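Colleague: Got a structure for you, written out below as structure tokens; questions coming shortly.
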Amino acid sequence: MKKMLLMRVDLITIFPDYFSPLNLSLFGKAQEAKLIEVKVHDLRTFTADKHKTVDDAPYGGGPGMVMSPVIWGEAIDSVLAQATIKPVLIVPTPSGQVFNQELAQKLSNQEHLVFINGRYEGIDSRVVQHYQDSNKFSEVLEISIGDYVLAGGEVASLVILEATSRLINGVLGNEDSVSDDSFAPGSMQNLLEGPIYTRPPVWRDLNVPEVLTSGDHGKISQWRKEKALERTKKFRPDLDSK
Ligand code: SAM
């Protein structure tokens, strides 16, 4: 049976090479199989001056430079002109909602994602405002991947894409491995995954827990749940109380 395109992804950036890892591993295979189509756009091709300037000094003063809404508007409109449905616009920013598995799940059901990757002090705020007001996207999401500041949105986009793409049906080899993950919906929703083992049964005097070689699936699943709870209490007590 012919596989069909499940997701289209457009990424706009001043560093197109940052996205070469998307040609590797699961994401690379999904592209080869034409399940996911990726287009990387160089923001500088939308500039009009000799120096291909994309930034300017901030109004109100302060350090650093702000990315121009004029250039971003041109670039985003050109991506929109090629879209067949209203895409979701994703704006990585430390001041956005915090990314999590639930959001990855939601994005994995979308057919078209557009990522705009800021640098310097970020993108002029009117860009988000304009695309929120204009109804050109089905949704505009400002997303942070954690409480720290990166130099640009590219790494954040890669994180969001990797977490999202492995949840698309047909992208991951073994769909079961998703349901066993930390944060997976269902019994593991608010739990971290416990310890995992493979052969050999003894390595540097360390044994694989006996229960895992017992063949008793009921006991194994109970043990896994207990270990997941222990680990969650230790590293993420905030999750345990949810
Ligand atoms: N002045 C901004 C602030 O304090 O919110 C930080 C700008 S940061 C140096 C440059 C770009 O990196 C941002 O526009 C954003 O695209 C990206 N970025 C930095 N930290 C991020 C995070 N935690 N999550 C998502 N994107 C981030």
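Here's the yes/no breakdown for (1) within 16 Å of the ligand (Cβ to nearest atom); (2) within 22 Å of residue 91 (Cβ to Cβ); (3) in contact (Cβ under 8 Å) with a residue 12 or more places away in the chain; (4) acidic (Asp, Glu):
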| position | (1), (2), (3), (4) |
| --- | --- |
| 119 | yes, yes, yes, no |
| 129 | yes, yes, no, no |
| 133 | no, yes, no, yes |
| 150 | yes, yes, yes, no |
| 154 | yes, yes, yes, yes |
| 167 | no, yes, yes, no |
| 193 | no, no, yes, yes |
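Colleague: Is the range 171-187 home to any residue that is within 16 Å of the ligand (Cβ to nearest atom) and among the hydrophobic types (A, V, I, L, M, F, W, C)? Step through it out loud before you land on a result.
Modeller: As a first pass, look at the range 171-187 and keep what is within 16 Å of the ligand (Cβ to nearest atom): none.
No: the range 171-187 contains no residue that is within 16 Å of the ligand (Cβ to nearest atom) and among the hydrophobic types (A, V, I, L, M, F, W, C).
Colleague: Would you confirm, using the coordinates I've provided, whether residue 237 is farther than 30 Å from residue 169 by Cα and either surrounded by 14 or more Cβ atoms within 10 Å (Cβ to Cβ) or within 26 Å of the chain's Cα centre (by Cα) (or both)?
Modeller: Working: farther than 30 Å from residue 169 by Cα: yes; either surrounded by 14 or more Cβ atoms within 10 Å (Cβ to Cβ) or within 26 Å of the chain's Cα centre (by Cα) (or both): yes.
Spelling it out, residue 237 is indeed farther than 30 Å from residue 169 by Cα and either surrounded by 14 or more Cβ atoms within 10 Å (Cβ to Cβ) or within 26 Å of the chain's Cα centre (by Cα) (or both).
Colleague: Sticking with this one: Does at least one position in the range 71-91 carry a residue that is among the aromatic types (Phe, Trp, Tyr), in contact with a strand residue (DSSP E or B) (Cβ under 8 Å, 6 or more places away or on another chain) and assigned to a loop (DSSP other than H, G, I, E, B)?
Modeller: If we filter the range 71-91 for residues that are among the aromatic types (Phe, Trp, Tyr), which is where we start, we get 72.
Checking which are in contact with a strand residue (DSSP E or B) (Cβ under 8 Å, 6 or more places away or on another chain) leaves us with 72.
Within this subset, residues satisfying the condition of being assigned to a loop (DSSP other than H, G, I, E, B) are none.
No: the range 71-91 contains no residue that is among the aromatic types (Phe, Trp, Tyr), in contact with a strand residue (DSSP E or B) (Cβ under 8 Å, 6 or more places away or on another chain) and assigned to a loop (DSSP other than H, G, I, E, B).
Colleague: Right, something else. What number of residues within the range 135-148 satisfy the criterion of being under 24 Å from residue 189 (Cα atoms) and more than 11 Å from the ligand (Cβ to nearest atom)? Before you say what the answer is, go through the steps one by one.
Modeller: Looking only at the range 135-148, we keep the residues that are under 24 Å from residue 189 (Cα atoms), and these are 141-147.
If we keep only those that are more than 11 Å from the ligand (Cβ to nearest atom) too, we end up with 141.
Within the range 135-148, residues that are under 24 Å from residue 189 (Cα atoms) and more than 11 Å from the ligand (Cβ to nearest atom) number 1.
Colleague: Counting only residues that are assigned to a loop (DSSP other than H, G, I, E, B) and either buried (at least 19 other Cβ atoms within 10 Å of the Cβ) or within 21 Å of the chain's Cα centre (by Cα) (or both), how many does the range 48-70 have? Before the answer, list the steps.
Modeller: Residues of the range 48-70 that are assigned to a loop (DSSP other than H, G, I, E, B), as a first pass: 48-54, 57-65, 68.
With the extra rule that they be either buried (at least 19 other Cβ atoms within 10 Å of the Cβ) or within 21 Å of the chain's Cα centre (by Cα) (or both), the set shrinks to 54, 68.
Looking only at that region, the number is 2.
Colleague: Would you pick out the residues in the range 105-150 that are assigned to a strand (DSSP E or B) and out of contact with any Phe, Trp or Tyr (no Cβ under 7 Å at 6 or more places or on another chain)? Steps first, please.
Modeller: Taking the range 105-150 as the starting set, the residues that turn out to be assigned to a strand (DSSP E or B) are 112-116, 123, 139-144.
Correct list: 112, 113, 114, 115, 139, 141, 142.
Colleague: Which one of 76, 36 is within 19 Å of the chain's Cα centre (by Cα) and surrounded by 15 or more Cβ atoms within 10 Å (Cβ to Cβ)?
Modeller: Just one listed residue meets the conditions, 36.
Colleague: Let me ask something additional. Sort out which residues of the range 95-115 are within 13 Å of the ligand (Cβ to nearest atom) and either buried (at least 16 other Cβ atoms within 10 Å of the Cβ) or free of Cβ contacts under 8 Å to residues at least 24 places away in the same chain (or both), and write them in order of number.
Modeller: Taking the range 95-115 as the starting set, the residues that turn out to be within 13 Å of the ligand (Cβ to nearest atom) are 95-100, 103, 115.
Correct list: 96, 99, 103, 115.
Colleague: Taking the residues in the range 6-28 that are without any contact (Cβ under 8 Å) to a residue 24 or more places away in the chain and in a helix (DSSP H, G or I) as candidates, determine which candidate is nearest to residue 111 (Cα to Cα). Working first, answer last.
Modeller: Here is the first cut: in the range 6-28, the residues without any contact (Cβ under 8 Å) to a residue 24 or more places away in the chain are 17, 20, 23-25, 28.
In the following step, the residues that additionally are in a helix (DSSP H, G or I) were identified as 17, 20, 23, 25, 28.
On the way: 17: 24, 20: 21, 23: 19, 25: 21, 28: 18 Å.
Restricting to residues being without any contact (Cβ under 8 Å) to a residue 24 or more places away in the chain and in a helix (DSSP H, G or I), the top hit is 28.
Colleague: When only residues in the range 155-167 that are surrounded by fewer than 22 Cβ atoms within 10 Å (Cβ to Cβ) and not aliphatic (A, V, I, L, M) count, which is nearest to residue 98 (Cα to Cα)?
Modeller: 162
Colleague: Taking the range 198-228 only, how many residues are in contact with a helix residue (DSSP H, G or I) (Cβ under 7 Å, 6 or more places away or on another chain) and closer than 14 Å to residue 180 by Cα?
Modeller: Residues in the range 198-228 being in contact with a helix residue (DSSP H, G or I) (Cβ under 7 Å, 6 or more places away or on another chain) and closer than 14 Å to residue 180 by Cα: 2 in total.
Readers should treat all values here as calculations from the given coordinates under stated rules, not as data from a laboratory. What you see is a predicted model; the values in this text were computed from it and never measured. Heads up, the Cβs are rebuilt from the backbone with ideal geometry, glycines too, and the neighbour counts pull from every protein chain shown.
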